[in-house]
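Working notes, structure below.
Laboratory data are not the source of any read-out in this text; all were calculated from the coordinates shown. Model, not experiment: these values are computed from the prediction. Cβ placement follows ideal geometry from the backbone for every residue including glycine, while neighbour counts extend to all protein chains displayed.
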Amino acid sequence: MDWAEELDRCAGEYLPDLEIKNDETMSRHTSFRIGGPARRMAFPKTGEQLVLLTDFAHKCGARPLVIGNGTNLLVPDEGLDRLVIDTSAGLNRLEMGAAETQVTAESGISLARLADFAQKRGLAGLEFAHGIPGTVGGALCMNAGAYGGEMAQVVEQVTLLDPECGVKILSGAEMKFGYRRSILTDHPDWVVLHAVFRLYPGDGAEIRARMEELMGKRKASQPLEWPSAGSTFKRPEGNFAGTLIDQCGLKGLTVGGAQVSEKHAGFLINRGGATFADVTGLIAQVQERVLTATGVYLEPEVKIVG
């Protein structure tokens, strides 16, 4: 019995209400609109389901891949012989915390909804997150940030699942946030369940105005009208990836259906029908040409899944 059959047996016996799909096309679940079928894809609705499912997956040898909105993923066209767990469908509970300035959010909550929730209660600190398209779980993994703000500034504690040790609670400091990384970078099998955010009182109208200002900047400078995974490369020390790519004359460079955006060179976009090979080929070309011209190696920010 292979891992998928064993997982089906365990889930059928212990999680009969859990939705699991066979050969679900990943292009439906990634912002790049690229990716072949995942052999199994599950949609847990509670933290308890997620914990049990993850435990079954490891025992069956399923190599679980936990995703939110799939906004930072590049998935092969041939698909994945893995169990993909989508938290965005059901793990989206949001509530005030024990203190008046605390908000508790499950891993599948979108950052936009989290920021809106805080704004409506007169809590500031998440304005930067409103336009980031991902979910809480992914944002914590990569310490997502924009316009001078980042998760490290607002996270008080995180409850996560360590397959080896069970559920544990880490403080913001214990998350070891850095530029586009956290402790989860070193432990990719750990799974975020929920997080507590520590915010501060503010004027609701002013918070909303700041959110709209930042969204306006995004729309003016980023190719939001095209499928992409956001910024393709991490910011190199002392510079900006988009600036270097632009200076090398690479705006508009195209491989198949993938293109370096003419609006913002830091974004690689799907102009229509782009394949995994198109995007990875374009990434390699940009890296090589920027390295040759400037001596700077651009490290991908997008997560290439295998």
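Quick look at the values:
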quantity: Among (i) 33, 21, 19; (ii) 51, 24, 20; (iii) 30, 27, 16, the entry derived from the coordinates for semi-axes √(5λ) of the Cα gyration tensor in Å; calculated: (iii)
quantity: Region 13-81 versus region 263-306: alpha-carbon centroid distance in Å; calculated: 26 Å
quantity: Residues whose placed amide H lies under 5 Å from that of Leu83, excluding near-sequence neighbours; calculated: Leu65
quantity: Which listed pairs, of Lys168/Lys217; Lys168/Lys303; Lys219/Lys251; Lys21/Lys59, have C-alpha distances above 28 Å, in listed order; calculated: Lys168/Lys217
quantity: His187/Ala220 FRET efficiency (R0 45 Å; Cβ-Cβ; nearest 0.05); calculated: 0.75
quantity: Check: the chain dipole with +1 on Lys, Arg Cβ and -1 on Asp, Glu Cβ, in debye; calculated: 840 debye
quantity: Long-range amide H partners of His130 with built H, under 5 Å; calculated: none
quantity: DSSP H segments from the chain that extend 24 Å or more along their own axis, Cα-based, with Kyte-Doolittle mean of -0.5 or above; calculated: 276-294
quantity: Over the chain: helical MRE at 222 nm, DSSP H runs n ≥ 4 each giving -39500 (n - 2.57), nearest 500; calculated: -9000 deg cm²/dmol
quantity: Cβ-derived FRET efficiency at R0 22 Å, Glu212 paired with Lys251, nearest 0.05; calculated: 0.20
quantity: Cα→Cβ-extended label distance, 7 Å offset, between Tyr179 and His58, nm; calculated: 3.3 nm
quantity: Packing-based ranking, highest mean first, of 19-25, 96-102 given that Cβ atoms within 10 Å are counted; calculated: 19-25, 96-102
